[in-house]
Amino acid sequence: MRFLGIDPGIAIVGFGFVDKIGNKVVPVQYGCIQTEAHTPDEDRLLHVYEGMVQLIDKYKPDAVALEKLFFNRNVTTAMSVSQARGVMILAAAQKGLPIAEYTPMQIKQAIVGYGKAEKKQVQEMVKMFLRLQAVPKPDDVADALAVAVCHAHSYTLNSKLNEVLRK
């Protein structure tokens, strides 16, 4: 199964595609969609949306997961990121893909085993899990891969749990 993990943003959107093959999670492609500062929001959102659609069409994930937005002090940034999340969710929903959301604490717990882990620990574990030569940069890309790995593990567990509950 192929999973797309997304670290939402308006300036930088991290993405990571991973395949779950048996018990292994293998990287497929990762990177970021970037928008220019001082560009009208509608243009930035269109760029993010079109980028997501192109990525989904090219790499054909079976499921999508995003990091949940936590409210920070900068309301303007939170609003812009929320709007960007909306176009990302729209792109996935239009393709009929199941969408999951995870809090930063859930992702850290899944990757490091500790919900209050430092960002650096998460990045190093992503590098180790996926057998990468280096931690992906910018940080948003490593975060997106962490979301993808988290969902790959959770999806399998949740699917098995649902099977048991249906019996």
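From the list Ala91, Ala84, Ala146, which one is at pLDDT 95 or above, in contact with a Gly (Cβ under 8 Å, 6 or more places away or on another chain) and under 16 Å from Gly9 (Cα atoms)?
Of the residues listed, the single one that is at pLDDT 95 or above, in contact with a Gly (Cβ under 8 Å, 6 or more places away or on another chain) and under 16 Å from Gly9 (Cα atoms) is Ala146.
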| note | Counting only residues in region 1-36 that are of a type in the set (Asp, Glu) and under 20 Å from Met125 (Cα atoms), the one surrounded by the fewest Cβ atoms within 10 Å (Cβ to Cβ) is identified as Asp19
| request: Could you please give the count of residues in region 37-66 that are closer than 12 Å to Ala84 by Cα and among the charged types (D, E, K, R)? | output: 5
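The values are calculated or read from the model by the stated rules, or taken from the named source; none is laboratory data. Here the structure is a predicted model, which is why all the values come from computation and not from measurement. Every residue, glycine as well, gets a Cβ built from its backbone with ideal geometry; the counts of neighbours run over all protein chains shown.
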